[in-house]
Each structure stands twice: as C-alpha cells, then as structure tokens.
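The values are calculated or read from the model by the stated rules, or taken from the named source; none is laboratory data. Worth saying up front: this structure is predicted, and the values here are computed from it rather than measured. No Cβ is skipped: glycine too gets one built from the backbone with ideal geometry, and neighbour counts run over all protein chains shown. Ligands, DNA and RNA are stripped out before the accessible areas are found, and what is left, the full protein with its side chains, is counted by its heavy atoms. Shrake-Rupley method; radii C 1.70, N 1.55, O 1.52, S 1.80 Å.
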Number of protein chains: 2
Amino acid sequence: MPVARFNQASSFHQIKAYSQTLKGKHLSEMFAGDPKRGQALSVRTPHLFLDYSRQRVDLKTMQMLEKLADERKLGSRIKAMTTGQKINETEDRAVLHLALRDPEGKLVIPAQIEDAVVRAEAGEVKEVLSHIESFSKEIISGKRTGKNGKPIKNIVAVGIGGSYLGPEYLANSLRPFAQDGMNLRFVANVDGADFVEKTQDLDLEETLVIIVSKTFTTAETMKNATTAKEWIKTAIDRHFVAVSTAAEKVDAFGINTENMFGFWNWVGGRYSASSAVGILPLALYLGFDNAKKILDGAHWMDKHFVESPFMSNIPILSAMLDIWNINFMGFKTRALLPYSQGVGRLPAHTQQVEMESNGKRVLMDGTPVDFDTGEVVFGEPGTNGQHSFYQLIHQGTQIIPCDFIGFINPQYPLGKATAKEVTHHQELMTNFLAQADALAFGKKSDNPHKHFPGNRPSSSLLLKQLDPFTAGLLLAWTEHRAAVKGFIWGINSFDQYGVELGKILGADHRGRMLQFNDTGVINVDGLNPSTAALLTAFLKGGLPK
Amino acid sequence: MPVARFNQASSFHQIKAYSQTLKGKHLSEMFAGDPKRGQALSVRTPHLFLDYSRQRVDLKTMQMLEKLADERKLGSRIKAMTTGQKINETEDRAVLHLALRDPEGKLVIPAQIEDAVVRAEAGEVKEVLSHIESFSKEIISGKRTGKNGKPIKNIVAVGIGGSYLGPEYLANSLRPFAQDGMNLRFVANVDGADFVEKTQDLDLEETLVIIVSKTFTTAETMKNATTAKEWIKTAIDRHFVAVSTAAEKVDAFGINTENMFGFWNWVGGRYSASSAVGILPLALYLGFDNAKKILDGAHWMDKHFVESPFMSNIPILSAMLDIWNINFMGFKTRALLPYSQGVGRLPAHTQQVEMESNGKRVLMDGTPVDFDTGEVVFGEPGTNGQHSFYQLIHQGTQIIPCDFIGFINPQYPLGKATAKEVTHHQELMTNFLAQADALAFGKKSDNPHKHFPGNRPSSSLLLKQLDPFTAGLLLAWTEHRAAVKGFIWGINSFDQYGVELGKILGADHRGRMLQFNDTGVINVDGLNPSTAALLTAFLKGGLPK
C-alpha cells in the first residue's frame, strides 16, 4: 500500500503548525496551568512507570502524534514485523527478534508466518534455547570441563558490535546475579590490548571461548578468534564454542558444529542480544534461569508493545516523543542517563541500536529523505554525568532532551537510612528526582551566570529494581523505540549499508600491508597524498617529517 | 580592553560569507584540485602529526580563522592565562593548570605572576610533587604498609567528575606500565554498586584509599568516603590519604593532614588531572617516574601551545576547526574516535572538559550569547564504534565531524606480520586509514541504499605510541582545545554554575528523605504533582498505580 512521505502526511503539517505555539511555551507555564499534567502525561504498568510530563508537549500534541502514527500505518507495520513479513526489504529478510523471547509462539504465531523457511526457523528457537540450557548446566555443574578436567570458571566472549554491546549491557547490569566464581569477559576490539588485558590473568584450562559472529567473517572477531586458538592450543573442542548462522565456516575454523549455537538471518546484529549471541554467555555467567528471566522481561515488553493502545504504549510514546523532538522541535541529540552504575553501558548499546538503525538518508524505496532521521545518543551513568557534561545540558546553547532511568530499590543496599543519614541509593535518587525539575523549570537569578532558563525537556522512567527481568525489558524498550521511528519515517531500520565502504577501503589497506610484510615495499598507488603520507608513516614506523 | 563580540568581529562576517562558497564544495573536488592539500593542511611535530586536510576548509579559510583569532586577541588571552591573571572572572581566580607540569617555572614564570598568593602557591607545586614522589616510593617499596604490616597492593581512588575522568583516562591508557601486582580502582558513582563491585574482592589490609575532592564536601565522594572508612575501620592513617584544597575538612574527616596532598583554587576540577588529583594515584599505580613522564608530555604540549605560531599550533588549529564546524558549518556534535582500546575513556573525559567548560549561554560580561557555544562530544574506541554508530556518521542526515586518533606502534604486539597475515595492530590501522577517506570521498552507487555522499569532515591525529608522555600530551591537547574556544567566544570556560541548581534541589530531596527515615512521613509539600508522585513511589517502595 503506497503511503505518503512522512513530511507529506496531513498530520505532519498540523503538528508542524502546532509546534510553533508550543515553542513559545515554558514548561513552568504548562505545569502551572494544569495540576493533572503529571497524571495525564504518564503511563503506569506493573513493571515500569513513564512520566513524560516534562517533555514540551501537551495532550493535544500526543493526540496529533497518534494521528500521525495512524496515518503512517504504524499498527500494520508492527503487525508485518510480528507476522514475519520481509520488512527488511533491502536485504529481503523478515525481522523476528521478538520470536527469540517467545519460544511458545504466543505473540509471533508460527501459523501467521507466510514464508515456510522462516516459519520452520522460528520453530528452532526452542531447540537452541534448550541446547543453551543443557550446555550451560553442564558447564556450571562441572560435568563438562576444560582440558585436564578443570572446571570452567572464565567465559571469554569474542564478538563486536551487535555481538558485543547488548550482551555487555546485560552482563554489567546483572553482576550481582553472577554464578559464584564465574567470570565473563568481552573481547571486541581488534586492538591487541583488548585481547591481552582481558585474558592475561586467566588460566586457559579454566576458560571457555565463545566466538560470536553472524557470518563468521567479521575481520576483528576472526583475528581475535585466531589469536584465541593459538592461546588455547589443544583440546579446541572443550574450549571453543560458536554462535553463528554460518555452520560451514564454523567447521572450517575448527569448531565442532555440535558446539555451535545458531540463529537466523531474520535476527539483525544489533537486535541479537536475546538470541544465543547474548543468552549463551549470559546463561553461563548468570545461570540459565536468570538468562530465561531476561527473555521473560523482553517478552513482557514485546507484549506491551504489540498490544497496548498508543496512549499507554511506552516504546511507542518514547519513539513519538523522539520524533517530536527531532522533527518538530529541532533537537537532534538525546542523552540517556541511567541513575544506575549497572545500566552504565545501556547508552553505548542504545547508540548502536538507534544510530545504526536510523542513521539513514534514503527511504525504503531509495528516494532521499528531506527531513531529519536518527538522532545522536550519548550518556554516562548518573550521578557521574552530573559532574561532567550536564553543565551544557543545563546552560548550553543546544537543547538536549534527556531520558532519566531510576530504580526504586538498589542492587546493593549500602549505607544507613536514619534521621541524619541517607543511604547510597537515597542519595542517588535525590539526583534522579532533582535533575528533571532543574532542567524543566530552571531558576531565575540576577547574576546571569547563575541564571537557568529551564524549559529543557526530559522523560523519567522508574522501575522497581535492576534484575534479569527488568534488564530484558529495557533491552526490548530500546529495540522497539528505534524500530517505531523507522516505521514512522519510512526508512529501513534493519539494514546497515553505511558500514560497507569502510570495510572495502580497509581491505585495500590490508592488501598493502600484506604486500609490505612480504616485500618491504610501501605501495601507495592510487591513494591520495594525505592517505599516502599516513600509510607511509605507519609502515615506516616514524611520524612524517 | 573591550573587544567586539565574537559574531561582530569583522573577520567573523568575512568567514561567514566565505563559508557559503565552501558549503557547496565537495572534499573530492578540493583534493582533486590540489595535490599539495595534504601537505598544506597538516602539522608535523616530533611527537604528533595532525592532518586536517579532510576538514571542509582551504588555506584561505585557515588564514581567515587566524585573523579571527587575532581579532579576538587569542594571544593575549593565552598570555593572561600563563601569567596567572584572574581570567576566571566570575570566581575571581587564576587558571594555572599549566604550572602543574612546570615545576621549574619555565613557561609559567613566577616573576610574571602579579598576585602574591598565587605566586607563592605556584611555588608549592614542586613541594607537592616531591611529597608524591617520596610517598609513592614508600608504598611501592613496601616501606610504608597497611595494618598488620601488609604491603599495599590496591589503590582505591574515590572521586567524581574532575577527580575521576581525567585520571581514569590516563590509568586505562597506561595499563602496560603498571607496577607489578598493583591495582588501581576508581569509585565515582554514589550508586552503592560502584563501591561494592570495585572493593569486594580486595583485602582491606592491602588497600590504600585516596579521597579526592577539591572542597571535601562533594556529596557523592563524601558518602563513598564514609562507607570506605566503615569498611577499613581501624588504622585510618595507614589506609587513607586525601587530595584536596580543604585541610580543615580533611582533618575533621579523620585523615591526618600529613597525608594530604594539596592543590590550589587556580586548578579547576576538570583541569586537575595533572595535579595530585591524578598524579598521586598514577604515581602509586605506575611508579613516580612514569607519572612524571605524563607531566613531561603535558608540558611539551603546553610549550607547543604557548609558543607555536597559529598555522602549526595543534590545539589552536583543533579549536578553530571546531569553531568553523560549529559556527560556520552548523555541525554541533563531534565524535572523538581513538583507534586504541587504551584511550577508550578519553571521549568521556573530553565530554567533561568540553561540555562543562563551554556549555555556556552568557559571555564573560553576563550578556546572553546569540551564537552557538560548546558542542556535544561523544565516542567509543575504534574499531568498536564502526560496528555501532558509524552508520549514522556515514549515511545519516546529520554531519558529525570526527577526530581519529591512531598510533604507529601498538602497546602489545600481537599477531604475525607475514605475506598472508596482518598483525592485530595492522588490522586496527587499516580501519584508521580507511574511515577518514570513506567519510570524505564517499562512493557513488546506483543503489541509493549503498550510495555514500561523502563530504563528511574529519581530522587525523597520528602519534608514535601510547605511553606516559603521549597520554599526557593528549590530556593537555584536550584542555587547550577547549580553552581556546572559550577565549574566542568570550565565555568563561572555567566556571560551572550550571551544576548548582541540581545540587540545591537534590539537597531539598535529601531533607525529605531524612524526614522520612526519621518519621516515616512522606513530605511532598511544594513539589509539583509529577515529582510528588515519583518521590512517593520511591519512598513507598512501589510503582505508582
């Protein structure tokens, strides 16, 4: 069905006009005029609470955004995703990461999947999960050991990008749930420092290496994998497993495909944390039951996303508020600020999910966009960020919409709650509460250096505690938020052609380096003089003079 | 001397007009028309090489930017800094972090400092350094031990913001230089997870805690300090030292002021990494000689900065290119992309230095700016970022100027250089070389999804290797780059009033929490309904229903 462009939709023009009115309004004014605002612009669910009353919107805005979503056929696009239609059109693939946390097929119903191959593959989710379950139990119980019968105590997960950032966010978030004595390390960067520093204190006989690569050709990962094999040397079968879709390449590398955990081409890299990519290392680190709870949390969010009406649908509202900020208010950079040390790497994962999914310049049909697409996302955990970049958020010339994430209960109760002392977590949460109001309402001062203009938008997300269920739920929130924006804009959030050119030019340089290694000749043919100078300096081993 | 506003300078208008011409020019065109471009738009020094030929400038732009810098009296502003004038006018303070790496007073010449107090304090730099030297040698040699005579093996540095990010960047960069068996951990966040996870595996008898706080009142740091004291319990004198300017408060906390390492109010938090704030923990971790080399590297950059003419002054050129991108091209977000795992936290430190220094809305005289000030900075180490957010940099609708940082030699030589294999470092550097060209020149394709428009600006910084000297040099480069922008814009890069309001509102919530701890009453008087609901949920321990 042909749909008008995003910025030709009739509701787009209405919102554009209305946004002019709201641009002149201050959040102080909006709050003062409407005591019910906090109640109206918030969503209550059993597992998380979203308050977006400090966004520069009103109920009318939200109704108009709902109309825009309707006009953009958001509902049918989500339906197309959950029924396995090939909505990743440029790669002719379905997008079915929701099936990964739905082994019983309750939300992604196999019978609704038209393509027979995809349908069959969706049925394999359960199988892979049960392989992860038995394998992780064998390792944790010590039934399956490393060479010389030593129990496995260290998991080294080798992978980059989508094979790294989501699992790392989850692992960092869930450290208190780790199995006694089990370590999980991630090796992503091809810089040898990453491999050496993550492995040098490990007993290789107690170490299991997981090579994670969808295609098993990712240059960085295969380089690290080869180095890992040289480190482990013998009994490769006991010390190496693979997570991949490429059985032949896994076999050629020397890993027994019995020790391969599959996924499918309808799982995009950055959407793969809930496949074996994340769940295998996490099941080994946290135990299978905890890993399963991550999937349960993600599934809870999936169901909320697929079934909730617009006004109470948290990922949809988050996405539409982003669109409001980007396309109507002109705020193109967003800060993600978890008041939790554990969630500290969610910003890096979100960077990947958002900026790789929606950093696009053409519509699905290939015509260039003439409106802004994906925003830049950055963040550090609160309160650390407050002592760093918040100055700019409060008093800079750019408006940076913020997402605050807070938890009612701490992971580690520390400090005393008395009449004279607050706990660490209470101290943390004073900041979570204070910052949103400071940004929204500002403070007048006769000293212009101390004047805070306010009217800086934010949303606050409150959860009960950081545990496997909520960590999974936040993962799915992040994924759906990005996907919804892509649906609304009409771009493909599931391909990533923008990374290809770098790979091609990288391969060209690799060829020159191999030639140099072989012959000592520095070949700069066809390079521009700047690149020639840089390559020459590098290979000669001295700075340009 | 009264100076016209930045955007009223006559060269500002000339550049503005000229930028319109360059906006229509593609980097491919600029390179094709000028084979000497790489040579002309680069700077050679013995320790680092800057190639900015992929910025969307030409020689004429640079000449105009030089004129702008002259018109803005950049030279005399730098001179005012190095002679200890109170250029942090809003706080009536000198800005003398250059003196910290200049104990002999070669660049910051004591006789040139007018204020007698500041002059005397600058003389104390040497004293504090020699205290650090003797103290670190006593600890490392085992002459000074923890309780029960155990040698100190663990340093826990408790501090946040400026007392954390710079030292952390340096420590991460210099892991291969660590003393055998010495650990350094940073506890910054008030979230109890940070304290617990950084200390739970440490033997407290082998641990030295450094409390780092300029005022010794920073809420997060004092909360963590108190918890640390409860953990260590006895022999506080053997296990606690302080880095602070507030001797009385250090004493009141229970730390012997003999174990206090001072600095001075002319060292701003985010500019304090080369004071005892960074140098004490780093001397303990790396040995004093390595810590001294960090200072030497920073001093080398200081001298380069103070003495080099515009066209060969790397921090000034970096800053002026930022201004070109922000104020003339409209690119307000910058990516910092070190091709080095060790330098991976320089983006977080740079975020602090840039966004806290230059996220300002008024000029020094208090009048509001009517132009853009400080940019947003973000980044992750390459190649990790390539598999994450680079998609948006290559094909998104926002132009994000990039700084690539690369090293000729690796910290850890790993892998073989043969005709068939590249080393890890060669593989890493193929990417450093490839990405800048991919961004600049793009690639035509009939498939619009695979089309790369190019013309995306970047600078490449090449260094010999990551060692204490170069880590220090990059630190100073970061500091001067931010300061120059502040000088040109006419804002105060050395205060941070934008963090105050959050502290005031935080204190208000702390009062409510203490009241709750004492009486069980949830006091929401004076809060807006949204904040009242969030606070109530938190204190009641359940999500709003």
For this session: Give the accessible surface of chain B per residue, rounded to a whole number of Å², with probe radius 1.4 Å and ligands, DNA and RNA excluded.
Result: 33 Å²
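What is the percent carbon and sulfur in the accessible area of chain B, measuring with a 1.4 Å probe over the protein chains and ignoring ligands?
Values: 8920 of 17770 Å².
Summing carbon and sulfur atoms, their accessible area is 50 percent of the total for chain B.
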For this session: List the residues whose amide H sits under 5 Å from the amide H of residue A:261, counting only those 5 or more places along or on another chain, with H placed 1.01 Å from N in the peptide plane.
Result: A:242, A:243, A:244
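Could you tell me which of the pairs A:249/A:503; A:214/A:293; A:420/A:464; B:86/B:303; A:153/B:420; A:450/B:214 are separated by over 27 angstrom between their Cα atoms in the structure shown? Walk me through the intermediate numbers first.
Values: A:249/A:503 20 Å; A:214/A:293 24 Å; A:420/A:464 25 Å; B:86/B:303 21 Å; A:153/B:420 35 Å; A:450/B:214 21 Å.
Those over the limit are A:153/B:420.
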Exercise. Comparing the chain by itself with all protein chains present, which residues of segment B:384-419 are at least 50 Å² less accessible (probe 1.4 Å)?
Worked result: B:384, B:387, B:388, B:391, B:392, B:395, B:397, B:398, B:408, B:412, B:414, B:419
Exercise. If you take the square roots of the eigenvalues of the alpha-carbon gyration tensor of segment B:126-286 and sort them as a ≥ b ≥ c, do you get rounded (a/c under 1.5), prolate (a/b over b/c) or oblate?
Worked result: rounded
Exercise. Nearest 10 degrees, 0 to 90: what angle lies between the long axis of helix A:288-307 and the longest principal axis of chain A (Cα atoms)?
Worked result: 40 degrees
For this session: Hey, can you grab everything whose amide H is under 5 Å from the amide H of residue B:379? Only 5+ residues off in sequence or another chain; H modelled, so Pro and N-termini drop out.
Result: B:336
For this session: Note the angle between two axes, namely the Cα long axis of helix A:276-286 and the longest principal axis of the Cα atoms of chain A, as a number of degrees from 0 to 90, rounded to the nearest 10.
Result: 90 degrees
Seminar exercise, completed: Chains B and A: accessible area buried, summed over both chains, 1.4 Å probe, nearest 100 Å², reads 12600 Å²
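Rounded, prolate or oblate, given the Cα gyration tensor of the protein assembly as shown, with a/c below 1.5 counting as rounded?
On the way: a/c = 1.17, a/b = 1.15, b/c = 1.01.
Verdict is rounded for the protein assembly as shown.
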Exercise. Which of the residues in segment A:496-526 show a loss of at least 40 Å² in accessible area from their chain by itself to the complete set of protein chains, at a probe of 1.4 Å?
Worked result: A:497, A:498, A:501, A:502, A:505, A:509, A:510, A:513, A:514, A:517
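Can you say what percent of the DSSP beta bridges in the protein assembly as shown, counting only those with both residues inside, are antiparallel? Round to 5.
Working: 22 of 82 bridges.
That works out to approximately 25 percent antiparallel.
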Problem set entry | Sites residue B:29 and residue A:7 - FRET efficiency at Förster radius 35 Å, r taken between beta-carbons, to 0.05 | 0.70
For this session: Divide by every residue of the protein assembly as shown the summed helix terms, -39500 (n - 2.57) for each DSSP H run of at least 4, and state the resulting mean residue ellipticity at 222 nm, rounded to the nearest 500 deg cm²/dmol.
Result: -13500 deg cm²/dmol
Seminar exercise, completed: In short, segment B:204-221 residues buried by 40 Å² or more of accessible area relative to the isolated chain (1.4 Å probe) are B:220
For this session: Grab the Cα-Cα distance for residue A:446 and residue A:233, subtract it from 0.36 nm times how many residues apart they are, and report the gain in nm with one decimal.
Result: 69.6 nm
Exercise. Going by alpha carbons, how many degrees (0 to 90, nearest 10) lie between the helix axis of B:529-540 and the longest principal axis of chain B?
Worked result: 40 degrees
Exercise. Using alpha carbon centroids, what distance separates segment B:178-224 and segment A:190-231, in Å?
Worked result: 30 Å
Seminar exercise, completed: Taking every residue of A:453-462, the Cβ atoms of other protein chains inside 10 Å of its Cβ average out to 1
For this session: Quick one: net charge around residue A:306, please, counting Lys, Arg +1 and Asp, Glu -1 for every other residue with C-beta under 13 Å from its C-beta.
Result: +1
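If you put +1 on each Lys and Arg Cβ and -1 on each Asp and Glu Cβ, how big is the dipole of segment B:23-123 around its Cα centre, in Debye rounded to 20?
Details: 18 positive and 15 negative charges, 113 e Å.
Once rounded to the nearest 20, the dipole reads 540 debye.
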Problem set entry | Inter-label distance, nm, simple model (7 Å from Cα along the C-beta direction), residue A:258/residue A:20 | 7.2 nm
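How shielded is A:339-346 by partner chains, expressed as the average number of their Cβ atoms within 10 Å of its Cβ atoms?
For this peptide, the per-residue mean of nearby foreign Cβ atoms is 4.
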For this session: Could you tell me what percent of the DSSP beta bridges with both partners in chain B are antiparallel, to the nearest 5?
Result: 25 percent
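Taking a ≥ b ≥ c as the square roots of the Cα gyration tensor eigenvalues, with a/c under 1.5 meaning rounded and otherwise prolate when a/b beats b/c, else oblate, which class fits segment A:498-540? Intermediate values should be presented prior to the final figure.
Numbers: a/c = 2.37, a/b = 1.44, b/c = 1.65.
Note, shape of segment A:498-540 comes out oblate.
Placing +1 at every Lys and Arg Cβ and -1 at every Asp and Glu Cβ, with all other atoms neutral, what dipole size does segment A:126-286 have around its Cα centre, in debye to the nearest 20?
Numbers: 17 positive and 18 negative charges, 39 e Å.
It works out to roughly 180 debye.
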Problem set entry | C-alpha center-to-center spacing [segment B:315-342, segment B:481-535] in angstrom | 30 Å
For this session: Quick one: with label points 7 Å out along Cα→Cβ, list the inter-copy distances for residue A:252 in nm, shortest first?
Result: 7.0
For this session: Report, as an integer, the average count of C-beta atoms from other chains found within 10 Å of each Cβ along A:158-169.
Result: 2
